[in-house]
Amino acid sequence: MSAARKKDLIREYKERKVRPGIFAVRCVPENALWTGASRDLDSQQNGIWFQLRMGNHMNRVLQEAWNRHGAEAFQFEILEAVEDENAEMIDLLLKEREAQWRAECGAAKLFA
């Protein structure tokens, strides 16, 4: 890959529009569900799956379920994309929406 192409890819990545929102991680065999909020839904699954594959996810219950069943037993679901132009309020909005989804689904919190 040329240096110019590499620079173009980096620039495109930095300029991309991110989607904040609420997501869930589901362990199908155990019928377990964890919810979380993210400023970038489109890259969130990669980060979680990476931590789980490495065996160092901060949620020990989730990590233990992953160790028992493997990646094929898990699903990543986007529950809601949040559109809010006010960047200063996005964290509060995400926190509120995640709490509502967690209560509605009877889910555990992914990030403590």
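Read-outs throughout are calculated quantities, based only on the coordinates presented, and are distinct from any laboratory measurement. All values reported here derive from a predicted model rather than from experimental measurement.
Near the amide H of Arg19, under 5 Å away, which other amide H atoms are found, from residues 5 or more places off or on another chain, if H is placed in the peptide plane?
Leu41, Asp42
Please list, in chain and number order, the residues 5+ apart from Ala108 or on another chain whose amide H is under 5 Å from its amide H, with Hs placed from the backbone.
Leu33, Trp34, Thr35
Candidates (i) 40; (ii) 32; (iii) 48; which is the computed percent of Cα pairs over 20 Å apart?
(iii)
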